[in-house]
Each structure stands twice: as C-alpha cells, then as structure tokens.
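Worksheet for the structure shown next.
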Amino acid sequence: MNIKMKKAISVLMISVMALFCLSACGSQSEPSAEAAPEESSGLKIVTTIYPEYDWVMNILGDNPAGAEVILLTDNGVDLHSYQPTAEDIMNITTSDVFVYVGGESDEWAEDTIMSSGENLVAVNLLEALGDSAKEEEVIEGMEAEEHEHEEDPEYDEHVWLSLRNASALVDSIEAAIAEADPANADTYAANANAYKEKLAALDAEYEKAVSGAPVKTLLFGDRFPFRYMTDDYGIDYYAAFVGCSAETEASFETVTFLANKLDELGLKSVMTIEGSNQKLANTIIKTSSSGDQQILTLDSIQSVTADDIANGNDYLAKMTNNLEVLKEALK
C-alpha cells in the first residue's frame, strides 16, 4: 500500500470515528454512571516506534505522573509497512504527547495531529534534528528507486541509529513531556541527562572501536538504514538498496558490482539487517572470487515485539550488540 493510500485511509478513519462518536452521543438520552469510563489522572504518551518508546520510558524514570505510554508498533511490524488502525488513531488524538519519525512513512500522522485537541504536544524527530537530518542518497552500485515526487527531497528516516541523534532527540522529547506535565519538569530533565550520559559513553566506545579498526568500509547485501551511524564515525559503505526500499531482488549489475567490491577491498564480511533471508548476501559472496566471506547482521531496531520489551532488550542493549557486530565486520 502506497503512502497516499495510507494517508487517505487515516483520514477516512478519523471521519468515521468522529461520526461514530456523534451517533453514540446522540443515541444516549442520559449519562450512565455505570458505563462512564474512568478518568485517567496521568499523562498519555503515544510513540510510533520502539526507540522513541524506550527514550520516553527513560525520561519518565519512576513515572511521577503515572503516564500511560503506548507503542503503536509493538507487534514487530516496521515503520515502512505500518498502517495505523482506528484504535491507533484514537489513541493519538486523545494523547497528551505524540512522538513520531515524521518522514514519508509517517505522512498519515499529520492529518491525525490536525484532528487532535489543541493540547497535544507532537514531536517530529526529523524536524527536531533540523539541519542534521539527511536526505536519502543513492551511491555507486546501489539500485535507485523511482519516486512519485522526485522534486521533493526524501529524508532518511532511520534517525535513531545514531547515538548522537538519540541524545538530541531525547532533549526534544523531554521538553515535550515537561510541557505537558510542568509539575515534574525537573525530574524529567534529570532523568534525560542521566540517560544521555549512557548514550555518550556508548558513543565513545563506537568511536574508539572504529578509529582503531583496520577496515573502514561495510558492504550490505540488503537495504542500508545505517547512514546516520556510518556518518558519525567516518565509515564508508556500499549497499544494494537504500534504507527505505521495499526491494529484495537485486539486478545482475548490482550483484556483480558488490561482489567485485568485496574482492577489490578484501572485505571478510557481507552485512544484512535483521529479518533478512540472506539470499542476496549469499549470492554476492558466491559471485566473488574467494566466496568465503561471512554474513553478519546489524539490528535496525525497527521490528521490536512486546516480548522483546518484556525481556529488557532495550535501545542501549541493541546498540551495544550492534557495536560487537561492527567490531567483527571491521576486522
């Protein structure tokens, strides 16, 4: 389903829900004490993807306002294929704070925000990054996609895969939560600062690992959502597809180019992202001269399930695991 269709569906959902609410109110002659919903005394915060959710939880800490935090994609669906349900739309329109990425995959969110109450504080991560947001790039050997509106820049949505971005975005989210709950603003600021120290410590580990590595290039037989990460540490890359691509089958020219790069650079690994069937990576390896490279997987932290959250596999843990994979890839 394309972006325009997703956007149209979300608008239709909003209209249908509004009509339903009017019909329900009109058919009820007297308010019923028994049927009346319980009023929540706490904040309601809605996030679209897991990194946002985890950052919010760290900012809340002991949750002094008793905030309800909702992750819309807790069933493992990733940002690019997510389609909001009527319940999702309703949760957003009744929330105090809404955190979303804000790229092309989130165009549906703008209409939802416009239909929400005036007290909703929305955080668009790409807007929060300002000039640090990067346009998607198509580099040598990568298969380009045709876009409907080529005159409009398409931004790389994977902003959370930079620890430095994460630190800046935690500030923006903390400010939004403090605006919605000023009584606990000092607590949220202290929690955010403590969490940012952890992000900075892990960032320093990445910097040290990459600066001392003999290899400074990654080759992906897959989509490439890690541009923010590689730019942070001066890592070069080659890949079959851009990060938001829906393609899985590469052309003969792309496979040959990537296989030749493996040979030319003497790389010992081909990278994939989580959930890959590794078919393309294996084809690239078989096409290379040596044919003995290993396949390594970096986690783009897009497809996180409720079980992952329950098991404590949080953003910092996933980025720490990615660091260990990166160390192996840059040997």
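Here are the numbers for the structure shown:
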read-out: Qualifying positions in the range 221-265 - basic (K, R) and closer than 18 Å to I295 by Cα; value: R223, K261
read-out: Given (1) in a helix (DSSP H, G or I); (2) over 25 Å from T305 (Cβ atoms); (3) in contact with a Ser or Thr (Cβ under 7 Å, 6 or more places away or on another chain), index of the condition I89 fails; value: (2)
read-out: Residues (under 23 Å from the mean Cα position of the chain (by Cα) and surrounded by fewer than 23 Cβ atoms within 10 Å (Cβ to Cβ)) located in the range 151-164; value: D152, P153, E154, Y155, D156, R164
read-out: The range 89-119, residues that are touching a strand residue (DSSP E or B) at 6+ places or on another chain (Cβ under 6 Å) and either surrounded by 18 or more Cβ atoms within 10 Å (Cβ to Cβ) or farther than 22 Å from D171 by Cα (or both); value: N91, I92, S95, D96, V97, F98, V99, G102, G103, D106, A109
read-out: Condition check for E205: surrounded by fewer than 20 Cβ atoms within 10 Å (Cβ to Cβ), modelled with pLDDT of 95 or more, assigned to a helix (DSSP H, G or I) and of a type outside the set (G, A, S); value: yes
read-out: Test: L298 is touching a residue at least 40 places away in the same chain (Cβ under 8 Å) and within 23 Å of E135 (Cβ to Cβ); value: yes
read-out: Failed item, numbered, when L125 is tested on (1) over 23 Å from R164 (Cα atoms); (2) in contact (Cβ under 8 Å) with a residue 60 or more places away in the chain; value: (1)
read-out: Residue within the range 105-124 that is assigned to a helix (DSSP H, G or I), within 22 Å of K318 (Cβ to Cβ) and at pLDDT 95 or above present; value: no
read-out: Selection within the range 288-311 - more than 23 Å from the chain's Cα centre (by Cα) and either assigned to a loop (DSSP other than H, G, I, E, B) or crowded, with 17+ Cβ neighbours inside 10 Å (or both); value: S288, S289, S290, G291, D292, Q293
read-out: Candidate set from the range 210-266 (those that are among the polar types (S, T, N, Q) and at pLDDT 95 or above); member that is surrounded by the most Cβ atoms within 10 Å (Cβ to Cβ); value: T254
read-out: Pairs where the first residue, in the range 247-268, is closer than 14 Å to M142 by Cβ and the second is among the aromatic types (F, W, Y) and crowded, with 21+ Cβ neighbours inside 10 Å, C-beta under 7 Å, 6+ apart; value: E247/F241; L258/Y238; K261/Y238
read-out: Flag for L218 being in contact (Cβ under 8 Å) with a residue 40 or more places away in the chain, at negative phi and not in a strand (DSSP E or B); value: no
read-out: Of all residues making up the range 222-270, the number that are among the hydroxyl-bearing types (S, T, Y) and in a loop (DSSP other than H, G, I, E, B); value: 3
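For (1) buried (at least 17 other Cβ atoms within 10 Å of the Cβ); (2) of a type in the set (G, A, S); (3) not in a loop (DSSP other than H, G, I, E, B), each residue gets a yes or a no:
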{"position": "L169", "(1), (2), (3)": "yes, no, yes"}
{"position": "A183", "(1), (2), (3)": "no, yes, yes"}
{"position": "N191", "(1), (2), (3)": "yes, no, yes"}
{"position": "E197", "(1), (2), (3)": "no, no, yes"}
{"position": "A200", "(1), (2), (3)": "no, yes, yes"}
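The values are calculated or read from the model by the stated rules, or taken from the named source; none is laboratory data. Since this is a predicted model, take the numbers as computed values, not measurements. Counting neighbours? That spans all protein chains shown, and the Cβs are built from the backbone with ideal geometry, glycine included.
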